[in-house]
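Take a look at the structure set out below.
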Amino acid sequence: MVVFWTAWFTHRSLVASSTSYYYVAFENAFPVADGLLTAAVVAGAVALRRQHATAMLWLLLGAGAGIYLAGMDILFDVEHQIWWTTGAGGWIELAINIITVSASVSLTRWTWRHRGELLGE
C-alpha cells in the first residue's frame, strides 16, 4: 500500500493504468479506504504480537476490507477493460487485484482457523 500510494502521488506513470479522467478520479477515491485497511491489518499484527484477543477482530476487519476494495476495483477494471487494453499498467492492475484477493482470503482463512487461539480458548 505504502509503495503504491507513494508512487501514485510522486510518479504516477509508474503505477497508473490509464491517464483518463475517470480512471484517475476512481483511484483518487481509494487512499482513505486503503489506509483504513492497512491500519486494521497493522492493529491486528500488533494485537497478535501482544497476544491480545482483539487480533481476531482487527484481522477480520482488514481481510473484509481487502475483499470489498478488491471487488470494487475488479468491477471497475472489467467495466473499463483496464486489464487488457492499457498495456503494462493493466497487468500491474491485474496483479494488484490478484494479490489483494489472495491475501485477503488467506488472512480470513488463517484467522478463522486460529480463532480459538486468538480468543484465548
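Derivation of every value follows stated rules applied to the coordinates shown; laboratory data play no part. Remember, predicted model here, so these are calculated numbers, not experimental data. All Cβ positions, even for glycine, are placed from backbone atoms using ideal geometry, and neighbour counts span all protein chains on display.
Summary of computed values
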read-out	value
FRET efficiency, Trp110 to Arg50 (Cβ-Cβ, R0 25 Å, nearest 0.05)	0.90
Kirkwood Rh (inverse of mean 1/r, distinct Cα pairs), the range 1-72, angstrom	13.4
Residue-averaged [θ]222 nm for the chain, counting only DSSP H segments that reach four residues, each worth -39500 (n - 2.57)	-25500 deg cm²/dmol
Model label zone, Thr6; criterion: amide N under 17 Å from point 7 Å along Cα-to-beta-carbon; scope the range 56-88	none
Per-pair calculated FRET efficiency, R0 = 41 Å: Ala39 and Gln81 via Cβ, rounded to 0.05	0.80
Degrees separating the helix 54-79 axis from the principal Cα axis of the chain, which is the longest one	20
Cα gyration tensor, the range 35-90 - rounded (a/c under 1.5), prolate or oblate	prolate
Per DSSP, loop trypsin sites (Lys or Arg not before Pro) in the range 1-65 with at most 15 further Cβ within 10 Å	Arg50
Scattering curve values for the chain, log₁₀ I(q)/I(0), Debye with Cα scatterers, q = 0.11 Å⁻¹	-0.42
